[in-house]
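Accompanying notes for the structure given below.
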Amino acid sequence: MCVCWHVRELVRRKPGTRLVTQDEAARVAGVVVVAVGADHYNRLPLPLLTHKVVVDVANRTSPPHTNEESLAEKLQGLIPQAQVVKAFNVLSAYALENNVQQGAKQVPVASDWSGARRRVLEMVKRMGYSGVDRGQLKAAKEIEAIPLQLMPSWRVPLIVVGSLWFLHYLLLLFKYQVCEKISEGKDWEGYSLKHLALLNINRTCAITALWTLTLCYLPGVGAAYLQLAWGTKYRRFPTWLDKWLKMRKQLGLLMLWLASIHTCLGVAVWSGHYDPLVWDPPTFISAQVKVNTTSYVTMDVPVQNSKMSLQGELFLTFGTLSMFITCLLGVSSLPSVGATLSWREFMFIQSKLGWLALVTGTVHDGLLGWGFSSQDYTKCSLPSSAQYALWFPLVTIAMKLPLLLPCVDGPLQKIRGGHDRNKKKRSNVHPTDPVHSLDMTRRKREDRTVWQVRPMQTPHPIILA
Amino acid sequence: MCVCWHVRELVRRKPGTRLVTQDEAARVAGVVVVAVGADHYNRLPLPLLTHKVVVDVANRTSPPHTNEESLAEKLQGLIPQAQVVKAFNVLSAYALENNVQQGAKQVPVASDWSGARRRVLEMVKRMGYSGVDRGQLKAAKEIEAIPLQLMPSWRVPLIVVGSLWFLHYLLLLFKYQVCEKISEGKDWEGYSLKHLALLNINRTCAITALWTLTLCYLPGVGAAYLQLAWGTKYRRFPTWLDKWLKMRKQLGLLMLWLASIHTCLGVAVWSGHYDPLVWDPPTFISAQVKVNTTSYVTMDVPVQNSKMSLQGELFLTFGTLSMFITCLLGVSSLPSVGATLSWREFMFIQSKLGWLALVTGTVHDGLLGWGFSSQDYTKCSLPSSAQYALWFPLVTIAMKLPLLLPCVDGPLQKIRGGHDRNKKKRSNVHPTDPVHSLDMTRRKREDRTVWQVRPMQTPHPIILA
Amino acid sequence: MCVCWHVRELVRRKPGTRLVTQDEAARVAGVVVVAVGADHYNRLPLPLLTHKVVVDVANRTSPPHTNEESLAEKLQGLIPQAQVVKAFNVLSAYALENNVQQGAKQVPVASDWSGARRRVLEMVKRMGYSGVDRGQLKAAKEIEAIPLQLMPSWRVPLIVVGSLWFLHYLLLLFKYQVCEKISEGKDWEGYSLKHLALLNINRTCAITALWTLTLCYLPGVGAAYLQLAWGTKYRRFPTWLDKWLKMRKQLGLLMLWLASIHTCLGVAVWSGHYDPLVWDPPTFISAQVKVNTTSYVTMDVPVQNSKMSLQGELFLTFGTLSMFITCLLGVSSLPSVGATLSWREFMFIQSKLGWLALVTGTVHDGLLGWGFSSQDYTKCSLPSSAQYALWFPLVTIAMKLPLLLPCVDGPLQKIRGGHDRNKKKRSNVHPTDPVHSLDMTRRKREDRTVWQVRPMQTPHPIILA
């Protein structure tokens, strides 16, 4: 009854429509969209679907086994006389119902029948989406995998940053909990294991964020040195450097997330109690301390009524500046914002502002480590965390500095403009490695010669690069 | 003079254009766009517009009366021989001038004349927007209402969350201001009405945020139990559950806003003064307190030189984690980001990460309530706010747990895949309730069989579901 | 070898493609895309390109000299028999490779050959982008400038806000460092130059943010008064007001960034030490202060164990509210979010919520200035920063208030609806100044009569306004 109400409601809203049975509909239609799960293909009026264009929109709920055929191929096997087309499975019911995602959303289409494929591509276009011709029906396996993708480009960055985080957590545990006990013979309550719950996490997030930001900019520096050494941009980078250059966007966003957590925790505990080395010392008074309801003991008591030292003020300012420049990097990574930026604007933000964020973040850490260096804090042959965290970004900044000199940058720009120092007579076809195109530090769009090979159907454009 | 300058400027920029009077322009044109307000229709050269396609772009400044006709129908009444088309009113001058919003923006078109309607849809497409054919001119009333919409999908969520906020503010006022006075006979300065300005607001935002996040996930749990009870997904949910499922996105964004305010205020006041139960106790000293310029009184004075307890460190860590996971939910709700996510990725973020945010937020609150439970804080038969805030999320999490068991989740997934336990012979047409498509916890796109009835103009695709 | 592998890989992925030499490819193709830098045009097989459509995608790395011709015109000069078309240079390799930015991204096309131009526009459309016909090849100079744009609309706002920031930094330096020394004869360590590193920066960011937000709303008030004075909306605003109205979006985003920095720093230092005027006074005790390892001196010591006063609680609440309302303004400025908002929704957020942010921000500052006014803090004839920062937003709010009265707002709305008090017989053509369309306070899309002159190629639509 509620089904009938809903159906009548839909018919009422669409004048010119008729409510019919499945069989009758299948008989008159030229194109049939099959919107059932693959388990229910047998319930369809299969004999009525022969010689029709049958659009399969089914999705899997879990990835298929290696040799398993796609759902569309399974359907094609059931109705070999029909023209099965795989399409629309990437669209959500929510998107279709609310007309969102149009324009931006790509809808892949595959079929063994080129006429049917063209017809469905036309439907896709009229609905306002971008159709992508994926060729034969065997592409359906990849198309059905698209909705099941779980952030494939995030796997390696998450593993890298996660490992770095745990490494630093263990280092801090050793330095601040274990080491204190060993070297000063304190009890575990001495420095307190309780700090594993927050202070160690705060410092770990801070150091990991700084190192991850460094990991975003180091490969660009490495690539520049390689190009200078080779004297050409036409030589392929090692695969590991390729992949590293490609994952910089994900590394940057992970860095932003960790830096936000560190900012929140750091600001919450920011006080003379927790950061004594960048605050002016407390006032010590000799006072009668109440040890229980009746007795008092005279001892020196620190009274925190001081302010930050100059070092502390600079520390906080540089940290805040680094954080909010990183926020600008994050905002410019949003798809809709990135689309409004020109190449030079994107380069300015991701490269120049990005290096500024790295430098201010390093100064922020250095100001904390500076105080430590003037006192004897080296226990267990390990410097303070604020100090050992510095070497990686400092080395990267040091490697970058020579690249800023005009005598080095000049030749590098020429090489990126296509100059080949080796002057070897190369083949007329120069495919630049398109894997360099995802680049959080350098978006050099004009120096990427994109080489595409188009299907030889009709007189087609070719690209000379 | 300045008008003439501006006109001459426009003509100069567009070679091949001519500057003419309205009458002369109306005579030669085939399509005329009327861009005046409805109050000025009489100023148009109406006799010259007969037999032309007249596009009305006017907007209202306030919603019409119930039986009032649309502006386009009013214009059609003035020039019955013209082919009036309603279009373009949803585009802002800013968007047209700066060429933003293309692709994503939909432009509805309505007219009693199908040829004129097709012609204007073609114009819309050539301008780069998505034209939507809305049929007859009587649809113009709905089209004219579009720019006047004021967040219709936010009305009920704002009322719900607003009411919840005031309810909790009054509860806190009772618990912490009124109750103290009643039970301990303190003056109003005792606990201080001043805390109504911030501390009460901070706690209210915190509790309301936690309950609102619970409201995002509870309906999904309820829907799952209903489907298990009914044994099928083809039975329509109660209307209130439908609406609740649809408003989860708005509830989530309101929760994010309240949680941000709570985070900001909470971090600002985070100290031993304000959160004594999760900080180590202060040092009490017996001291000479200066009561005026000359006299001193000996009394016990608390000196805050302690750190957070383990409970306090965990409390802050879980709270920060919950906050920044919620930020991820918020970022993935942005249209441009959502468009890049696959179904499984969106599910992972909104469902799995969302439940993680709820659980960490509940633990955050529980750690504060834990301390209270070990002391006698029950005044006026009302436990502390940190405790009474816990029951709602705890009940929801408890309801969710059975759904995670394989013996329960298995049948549920089968039902969502289309399995019908009742095995009744249903009609061949199974419209699934499309209102389930907006789902912040479950985006099961493959189990939504979308049933569309298309106008019977030409051989059209039909959908078997 | 690695080049060959890469080429073979590309051929393998695109069935139906062939690997050929440049010369052979150039011979058979109808359209040739030249994807080398302009320095390498001579390396192309130029004789083979005659009578072909040659698409130039080259970009410059730096802006050209004033009289320098565009790269496309240079190429046309090399192959005068070819039909050179400038296109695609605005697309990044990353976007092409990853199929992002489609729909939203505009691709300008220019050529002296209209047939070739149409053909390339068709290619652009089939690739899913929005083609923009820019006419003759001399437009290539502007097209080549697009990727080199470096935020042209941000120049003046950055200069304005930057100058304001430095002005306030110097004022604060005078008030809090120099003035103290002059008037109280303190040493530089008295108030401490160290505060230049953070406290002065925090206050400067706060005051500059408040004044910048005021700068966003003042021009709208000014424009309203001008329209009321003139009695019409058809008179052009002064150029400086035009430009000011256009830059309000950039001013608003700069304000959001400065306000975020102020919030972060302000919350970090929020304590009785730093903001004594909005905290209850500390407890002064007479104590034995340890001045070195052996000796003690009796002095009065402040012990910070107090809480915020009512003034302090209100101050923090209003500040947080203002901050998070401004965040809503920022989020609604995102392109993808703005595209989903109707005119009335956008108006509500940018105008009503915006004024609410300004008012709450002014109250926030006023609460801090209030405390100062009850004590004698006027040194060097300059009131406290919290007070002198107030005058600008207060004046703007005072100017806004009369506009809210029905007897003023009524006529203003009529004028914006097209009413002309002067009743002069105006020409039939009324171009409204389209520069008012970017308006962060008032998006009155229905009262902008847009007047466009379209090229007189075929029977074209004309607009009566």
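Some observations on this one:
- Residue satisfying all of: in region C:258-296; β-branched (Val, Ile, Thr) and touching a helix residue (DSSP H, G or I) at 6+ places or on another chain (Cβ under 9 Å); nearest to C:Leu158 (Cα to Cα) among these: C:Ile261
- Candidate set: region A:298-318, residues that are more than 9 Å from chain C (Cβ to nearest Cβ) and of a type outside the set (A, V, I, L, M, F, W, C); chosen: the one surrounded by the most Cβ atoms within 10 Å (Cβ to Cβ): A:Pro302
- Filtering region B:286-300 to residues that are assigned to a strand (DSSP E or B) and either more than 53 Å from the chain's Cα centre (by Cα) or modelled with pLDDT under 85 (or both) leaves B:Ser286, B:Ala287, B:Gln288, B:Val289, B:Lys290, B:Tyr296, B:Val297, B:Thr298, B:Met299.
- Checked against the criterion of being over 21 Å from B:His262 (Cα atoms), in a helix (DSSP H, G or I) and assigned by TED's automatic domain parsing to the domain that holds B:Thr326, region B:202-212 has no qualifying residue.
- Only one of the numbered conditions (1) modelled with pLDDT under 95; (2) assigned to a helix (DSSP H, G or I); (3) in contact with a helix residue (DSSP H, G or I) (Cβ under 9 Å, 6 or more places away or on another chain) is not met by B:Arg235, and that is (2).
- Set side by side, the residues B:Gly330, B:Gly312 differ, and just one is in contact with a strand residue (DSSP E or B) (Cβ under 7 Å, 6 or more places away or on another chain) and part of a helix (DSSP H, G or I), which is B:Gly312.
- Which listed residue is at pLDDT below 80 and within 8 Å of chain C (Cβ to nearest Cβ), from B:Arg8, B:Arg18: B:Arg18
- Taken together, the criteria place B:Pro335 among residues that are farther than 30 Å from B:Val363 by Cα and touching a Ser or Thr at 6+ places or on another chain (Cβ under 7 Å).
- Any chance A:Leu254 is in contact with a Pro (Cβ under 7 Å, 6 or more places away or on another chain), surrounded by fewer than 20 Cβ atoms within 10 Å (Cβ to Cβ), assigned by TED's automatic domain parsing to the domain that holds A:Leu328 and in a helix (DSSP H, G or I): no
- Residue within region B:130-146 that is modelled with pLDDT under 85, small (Gly, Ala, Ser) and either part of a loop (DSSP other than H, G, I, E, B) or not assigned by TED's automatic domain parsing to the domain that holds B:Arg248 (or both) present: yes
- Scanning region C:38-57 for residues that are touching a Gly at 6+ places or on another chain (Cβ under 8 Å) and either at pLDDT 90 or above or at positive phi (or both) yields C:Lys52, C:Val53.
- Residue in region A:344-399 that is surrounded by the fewest Cβ atoms within 10 Å (Cβ to Cβ), counting only those that are among the aromatic types (Phe, Trp, Tyr) and either more than 24 Å from A:Leu199 (Cβ to Cβ) or modelled with pLDDT of 90 or more (or both): A:Trp391
- Exactly one residue out of A:His430, A:His419 is within 14 Å of chain C (Cβ to nearest Cβ), outside any helix (DSSP H, G or I) and at pLDDT 80 or above: that is A:His419.
- Failed condition for B:Lys246, given (1) of a type outside the set (S, T, N, Q); (2) away from chain A (no Cβ under 11 Å); (3) over 30 Å from A:Pro281 (Cβ atoms): (2)
- Total residues in region B:70-96 satisfying the condition of being under 31 Å from the mean Cα position of the chain (by Cα) and part of a loop (DSSP other than H, G, I, E, B): the figure is 7.
- Filtered by the rule that a residue be more than 7 Å from every other protein chain (Cβ to nearest Cβ) and touching a Lys or Arg at 6+ places or on another chain (Cβ under 8 Å), region B:275-289 gives B:Trp279, B:Asp280.
- Options C:Leu321, C:Leu341: the member that is at the interface with chain B (Cβ under 10 Å from one of its Cβ atoms) and outside any helix (DSSP H, G or I): C:Leu341
- Each residue in region C:46-69 was checked for being part of a loop (DSSP other than H, G, I, E, B) and facing another protein chain (nearest Cβ under 8 Å), and 4 pass.
- Filter pass, B:Tyr169 being among the aromatic types (Phe, Trp, Tyr) and either at pLDDT 90 or above or in contact with a His (Cβ under 9 Å, 6 or more places away or on another chain) (or both): yes
- Residue under evaluation B:Ser271, criteria (1) farther than 19 Å from C:His273 by Cβ; (2) surrounded by 20 or more Cβ atoms within 10 Å (Cβ to Cβ), criterion not met: (1)
- Number of the condition not met by B:Lys141 [criteria: (1) among the charged types (D, E, K, R); (2) within 14 Å of chain C (Cβ to nearest Cβ); (3) closer than 25 Å to C:Phe348 by Cα]: (2)
- Single condition B:Thr293 does not satisfy, out of (1) closer than 22 Å to A:Pro302 by Cβ; (2) surrounded by fewer than 17 Cβ atoms within 10 Å (Cβ to Cβ); (3) more than 7 Å from every other protein chain (Cβ to nearest Cβ): (1)
The values are calculated or read from the model by the stated rules, or taken from the named source; none is laboratory data. Keep in mind the model is a prediction, meaning the values are calculated, not measured. With ideal geometry, Cβ positions are generated from the backbone for all residues, glycine too; neighbour counts draw on all protein chains shown.
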